[in-house]
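Here's the structure we're looking at; comments come further down.
The values are calculated or read from the model by the stated rules, or taken from the named source; none is laboratory data. All values derive from a computational prediction rather than experimental measurement. Cβ placement follows ideal geometry from the backbone for every residue including glycine, while neighbour counts extend to all protein chains displayed.
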Amino acid sequence: MFDIIIIGAGIIGTQMAYTLSLTSLSVLVLEKNAEILNEVSSSNSGIIHTGYDPDEHTLKAKLNVRGAYLYRELCAKLEVPLMECGSMIVAHNEKEIQKLLALKVKADRRSIPCKMLNQNELRLEEPHIADSVIQALLFPTTAAILPWQMGYALIDNACQNGVQLHTSEPVLKVERGSCFTVTTQKQSYQAKMVINCSGLNGDKVARLEDPDYPIHLLYKRGEYQVTDKSDASYINHILFPLPTDHGKGVLAVKTVEGNLLFGPNNHLVDDPYDGSCTIEGLNEIDAKIGEVIKPLPKSRMIRQFAGVRPSSPTNDFIIEDHNHWINVIGIDSPGLASSPAIAEYVYETFVKPVFNPIMIDREVYIHPKPLSEMSIDHRNQLVKKNPSYGQIVCLCEDVSLQEVIDAIHSPAQTKSVKGIKRRTRPGSGRCQGGFCEAKIVELLSKELNIPRQEVLYDNDQTQFLIPMEDLYEKK
Amino acid sequence: MKKNKIVIIGGGSAGLACANALRQKGIQDILLIEKEDELGGILNQCIHNGFGLHLYKQELTGPMYAQRNIDLFMQLEIPYILNATVLNITEDKIITISEPEGCYQIQAEVIVLAMGARERTRGNIQIPGDRCVGVWTAGVAQKYLNIEGYLVGKRIFILGSGDIGLIMARRLTLARAKVVGVAEIMPYSNGLTRNIVQCLHDYDIPLYLSTTITKITGHNRVESITLCQVDDQRRPMLETAREVEVDTVLLSVGLIPDNVLSEKASVEIDHRTKGPLVDSQLMTNIPGVFACGNVLHIHDLVDHVSMEGMLVADSVVSYLNDQHFVQRIPVEAKGELNYVLPQYFDTNSESLLIKYRVTRPKSKAFLKISSNGKTLVKLPKVDLHPSEMQTFQLPKVFLDKINYNLVVELCDE
Ligand SMILES: Cc1cc2nc3c(=O)[nH]c(=O)nc-3n(C[C@H](O)[C@H](O)[C@H](O)COP(=O)(O)OP(=O)(O)OC[C@H]3O[C@@H](n4cnc5c(N)ncnc54)[C@H](O)[C@@H]3O)c2cc1C
């Protein structure tokens, strides 16, 4: 019997797991995919918004402002890079300037620092801003993170602190008796409380517990273009158009690693797992980004992807207690920015009153620094201790063999090519895995002690290699 | 800091040929750096034959061709390091290396860039659709098959009729996969004619010209693709769309010279070749930094790569003999030429080998070479094809006549 079962290991589930791992509670995380953080939390803009945008008196407004504050502490503690690059919202005409001023009033009321910039000021800061921009509102404290870096830091710490993580186990059935019985395809588990953090599946999982659960999520897809890191200096801030009813618009953001993201658009889709990119969508992004920056040629793009937002019909987060079954659903933007505050809120409001657990002082697990950020001397010292730190497997991103091995054996483990890519970057550079993929597969096979044909690319059922011997035997 | 006279980055055909030629000219202080655990470069995975016709008058397989160069390299006892990755080069020719022995810097007097190329990816050409497993570049599939012994799929479609794609169509068929077809967005193939015949026709694999993939569909794994014909502006004609069931898409949509390191050393890059801008000695804008092979421009025949490596060896020797190439005369491409190499002629050169590619197939045309408004040479050419690099050695008598500029033009009359 567990005290608490968390369903879903996205950014909300991992924040929840980490928060609970600092207490005496026993916790199990059930994740349906082979790899954690593989849905909404891995395909977004990675922005820690300051909280100027959400409507007054919403959970979004309250938790976003608080979340942005908590991130500072959390990132410092877990040594996760947080890039406080600031953001600008741009205006093209008098009407838009009025809207900027209205936003400024809202931000001032929430004590969020911001400042209007005129033509000269904004062009000094952003030489590649679109010619049509005439003023901008600067938010110096808007920041960016790599969501999966945060998520992995959280889950690795949680696992080290005793939380159990079971991947490849979708929750299929829930029964309520004196406690909850939660059943996956492998096993049944008992717990006194369940926290539903299942993202795109949020309403469906809620209906496992209450078949009459009324809320139906809306799925809003957002597509992106990604540039190579060599364009990192093209922009200095995150650059937004004015927000509308359809969200924050097509923006330009520099990731912590230096790639630029252009997107997302916002279109309703029927299938929550339809993360496809369309010709129309990519054209739309190409057109709209031109309202914010001077566009880069298409040939600079190295990747396209899409994420789907699980939005609630009320446009606010839904965080509610049904007699020890806690739903945390409809967590669309700014869900990432709010996530530490969401976990804190759930803990303070629903968990603490029930369990009143003891807080435990845990040792912090810090991810090893990437070699690519170290001095030559520092790297040399490491290589002298272990030659595998000297052997580079990924040229584009400068990643050594040993860093991949370390990632495979981190507390929460990694078992797919995609997981390795997220944790240590091979495959995310300009060759997109051309040089290194076969080596990563070989390492996964060796370290996990499985044949290469069993190595997963991504989710379950994504094994992809067929040994030649097999083919010849069959005939 | 350790010093080396000549550092060659890359142990593929270009690097090996350059190293061997340098040593044969009596240069002792050479160091060749290779990131993989063996020498030979990309040829090691090209197990088909057809290499060496020009240089050795023989049809060798890729590994055989590589081995000839490696054997000579070993015999000449040229120093080299394997599993060693160059992380950085500076304008001052300081090279940062990471290898299992350590992470350190060396100071070079001459650097030869011979890092080869990478393949253009799905992201570069922006094929819409799902991001499912089952999309690889042809070279990656080739490596899995020929080096590791694994197939990546059973029902395969190939986008792009570049040579690697054509070779892989045959190779996969021989490995008992079903190659459903090859699509090419251009109205003509981008591969060598002999490959179209020997790899597609001989195995009844259809080639769809003026056709592209407009969508990849699949949940975890590729399930189907949407094929669409394109108009003369290469825009998909949606009414021609049809779905084809496959589990794998291989991309053979071109190679890009891999110049990330070169750019770090402020080497200027030609936006057309995507390789360094070089003079007739194949020296870049940084004195003492030379380039050869696929890092300079994409070759269709390895023989030309080797010859380029040897040419660099000649240039390095004259550079070390203190011949400063001071006067650089720009070489311009005109007419239907994709590019011309070199981009500069330096007046100390004793020869000028011009390399060029046409933008589209031409059955008949004239190559006109002129300087400062005066025509030096005009010669008829037939059956020119973008996939086949052309070379022209400018007769020595004309070298003195070059001044102000050199224009290489393809014209109809
Ligand atoms: C295009 C886009 C841009 C965005 N930009 C930003 C931004 O810049 N800033 C910001 O703050 N927010 C942004 N967001 C929002 C943010 O990404 C989300 O709010 C956040 O990632 C949601 O996290 P989650 O944990 O709720 O969902 P998820 O990350 O999807 O996690 C849910 C997990 O539950 C698992 N699961 C589902 N069903 C089951 C089951 N039955 N059993 C077990 N496990 C299950 C899933 O596999 C998944 O791992 C953006 C979102 C999108 C789509």
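Quick one: count up the residues across the range B:135-156 that are aromatic (Phe, Trp, Tyr), at the interface with chain A (Cβ under 7 Å from one of its Cβ atoms) and assigned to a strand (DSSP E or B).
So the first thing to find is which residues in the range B:135-156 are aromatic (Phe, Trp, Tyr), and the list is B:136, B:144, B:150.
With the extra rule that they be at the interface with chain A (Cβ under 7 Å from one of its Cβ atoms), the set shrinks to B:144, B:150.
If we keep only those that are assigned to a strand (DSSP E or B) as well, we get B:150.
The total comes to 1.
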Exercise. Being in a loop (DSSP other than H, G, I, E, B) and either within 9 Å of the ligand (Cβ to nearest atom) or acidic (Asp, Glu) (or both) is the filter here, so list the residues in the range A:310-329 that pass it.
Key: A:Asp316, A:Phe317
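Within the range A:430-438, identify whether any single residue is more than 13 Å from chain B (Cβ to nearest Cβ) and under 24 Å from A:Asp156 (Cβ atoms), and answer yes or no. Break it down stepwise before answering.
Quick first cut of the range A:430-438, residues more than 13 Å from chain B (Cβ to nearest Cβ) only: none.
No, that holds for no residue.
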Practice problem: Could you tell me whether any residue of the range A:37-48 is more than 14 Å from chain B (Cβ to nearest Cβ) and away from the ligand (no atom under 11 Å from the Cβ)? | Solution: no
Practice problem: State whether one or more residues within the range A:152-174 are surrounded by fewer than 16 Cβ atoms within 10 Å (Cβ to Cβ), among the charged types (D, E, K, R) and within 15 Å of the ligand (Cβ to nearest atom). | Solution: yes
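Looking at this structure, is A:Thr184 within 18 Å of the chain's Cα centre (by Cα), outside the structural domain of A:Thr278 (by TED's automatic domain parsing) and either surrounded by fewer than 23 Cβ atoms within 10 Å (Cβ to Cβ) or hydrophobic (A, V, I, L, M, F, W, C) (or both)? Walk me through it before giving the result.
Working: within 18 Å of the chain's Cα centre (by Cα): no; outside the structural domain of A:Thr278 (by TED's automatic domain parsing): yes; either surrounded by fewer than 23 Cβ atoms within 10 Å (Cβ to Cβ) or hydrophobic (A, V, I, L, M, F, W, C) (or both): yes.
Considered against the rule, which asks whether it is within 18 Å of the chain's Cα centre (by Cα), outside the structural domain of A:Thr278 (by TED's automatic domain parsing) and either surrounded by fewer than 23 Cβ atoms within 10 Å (Cβ to Cβ) or hydrophobic (A, V, I, L, M, F, W, C) (or both), A:Thr184 comes out as no.
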Exercise. Enumerate the pairs (first residue in the range A:331-349 and more than 20 Å from A:Gly222 (Cβ to Cβ); second residue anywhere and assigned to a loop (DSSP other than H, G, I, E, B) and within 12 Å of the ligand (Cβ to nearest atom)) with beta-carbon separation below 8 Å, excluding pairs fewer than 6 apart on the same chain, so at least 6 apart or on different chains.
Key: A:Ile342/A:Phe317; A:Ile342/A:Ile331
Quiz item: Restricting the range A:348-386 to residues that are under 26 Å from A:Lys60 (Cα atoms) and either within 16 Å of the ligand (Cβ to nearest atom) or among the β-branched types (Val, Ile, Thr) (or both), which is farthest from the other protein chains (Cβ to nearest Cβ)?
Solution: A:Val354
Self-check item: Extreme residue, surrounded by the most Cβ atoms within 10 Å (Cβ to Cβ), among residues of the range A:224-261 that are within 12 Å of the ligand (Cβ to nearest atom) and within 14 Å of chain B (Cβ to nearest Cβ)
Solution: A:Tyr224
Quiz item: Among all residue pairs at least 6 apart or on different chains, which show Cβ distances below 7 Å where the first residue, located in the range A:190-204, is within 14 Å of chain B (Cβ to nearest Cβ) and on the phi > 0 side of the Ramachandran plot and the second is away from the ligand (no atom under 14 Å from the Cβ) and of a type outside the set (S, T, N, Q)?
Solution: none
Exercise. Output the residues belonging to the range A:406-454 that are among the β-branched types (Val, Ile, Thr) and within 21 Å of the chain's Cα centre (by Cα).
Key: A:Ile408, A:Thr414, A:Val417, A:Ile420, A:Thr424
Quiz item: Right, B:Leu22: crowded, with 19+ Cβ neighbours inside 10 Å and either part of a loop (DSSP other than H, G, I, E, B) or touching a Ser or Thr at 6+ places or on another chain (Cβ under 7 Å) (or both) or not?
Solution: no
Practice problem: Please work out if A:Glu291 is surrounded by fewer than 21 Cβ atoms within 10 Å (Cβ to Cβ), more than 15 Å from the ligand (Cβ to nearest atom), within 21 Å of A:Leu74 (Cβ to Cβ) and not hydroxyl-bearing (Ser, Thr, Tyr). | Solution: no
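Surrounded by 21 or more Cβ atoms within 10 Å (Cβ to Cβ), more than 9 Å from the ligand (Cβ to nearest atom) and either assigned to a helix (DSSP H, G or I) or more than 14 Å from chain B (Cβ to nearest Cβ) (or both): does that describe A:Ile12? Please lay out each step first, then the result.
On the way: surrounded by 21 or more Cβ atoms within 10 Å (Cβ to Cβ): yes; more than 9 Å from the ligand (Cβ to nearest atom): no; either assigned to a helix (DSSP H, G or I) or more than 14 Å from chain B (Cβ to nearest Cβ) (or both): yes.
Against the criterion (surrounded by 21 or more Cβ atoms within 10 Å (Cβ to Cβ), more than 9 Å from the ligand (Cβ to nearest atom) and either assigned to a helix (DSSP H, G or I) or more than 14 Å from chain B (Cβ to nearest Cβ) (or both)), A:Ile12 does not qualify.
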Self-check item: Residue count for the range A:45-85, restricted to those that are within 22 Å of A:Leu242 (Cα to Cα) and aromatic (Phe, Trp, Tyr)
Solution: 1
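Somewhere in the range A:23-30, is a residue within 12 Å of the ligand (Cβ to nearest atom), hydroxyl-bearing (Ser, Thr, Tyr) and not assigned by TED's automatic domain parsing to the domain that holds A:Asp131? Step through it out loud before you land on a result.
Residues of the range A:23-30 that are within 12 Å of the ligand (Cβ to nearest atom), as a first pass: A:28-30.
From what's left, hydroxyl-bearing (Ser, Thr, Tyr): none.
No, that holds for no residue.
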Quiz item: If you go through the range A:81-89 one residue at a time, do you hit one that is surrounded by fewer than 21 Cβ atoms within 10 Å (Cβ to Cβ), away from every other protein chain (no Cβ under 14 Å) and either near the ligand (Cβ under 8 Å from one of its atoms) or on the phi > 0 side of the Ramachandran plot (or both)?
Solution: yes
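Mind listing whichever residues of the range B:116-130 are buried (at least 19 other Cβ atoms within 10 Å of the Cβ) and at the interface with chain A (Cβ under 9 Å from one of its Cβ atoms)? Before the answer, list the steps.
Taking the range B:116-130 first, the residues buried (at least 19 other Cβ atoms within 10 Å of the Cβ) are B:116-122, B:124, B:127-130.
Matches in the range B:116-130: B:Arg118, B:Glu119, B:Thr121, B:Arg122, B:Asn124, B:Ile127, B:Pro128, B:Gly129, B:Asp130.
Of the residues A:Ala337, A:Ala306, which is within 14 Å of chain B (Cβ to nearest Cβ), buried (at least 22 other Cβ atoms within 10 Å of the Cβ) and within 11 Å of the ligand (Cβ to nearest atom)?
Details: A:Ala337 fails: within 14 Å of chain B (Cβ to nearest Cβ).
The match here is A:Ala306.
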Exercise. From (1) crowded, with 24+ Cβ neighbours inside 10 Å; (2) within 11 Å of the ligand (Cβ to nearest atom); (3) within 14 Å of chain B (Cβ to nearest Cβ), pick out the condition that doesn't hold for A:Arg221.
Key: (1)
Quiz item: Does A:Asn33 satisfy the condition of being within 14 Å of chain B (Cβ to nearest Cβ) and within 6 Å of the ligand (Cβ to nearest atom)?
Solution: yes
Self-check item: Selection count where residues are more than 14 Å from the ligand (Cβ to nearest atom), touching a residue at least 40 places away in the same chain (Cβ under 8 Å) and among the hydrophobic types (A, V, I, L, M, F, W, C), scope the range A:262-279
Solution: 0
Quiz prompt | Residue among A:Ala76, A:Ala34 that alone is surrounded by fewer than 23 Cβ atoms within 10 Å (Cβ to Cβ) and part of a loop (DSSP other than H, G, I, E, B) | solution = A:Ala34
Practice problem: Please name all residue pairs, on different chains or six or more residues apart, with Cβ atoms under 9 Å, provided the first residue is in the range B:386-399 and is assigned by TED's automatic domain parsing to the domain that holds B:Val305 and the second residue is not in a loop (DSSP other than H, G, I, E, B). | Solution: none
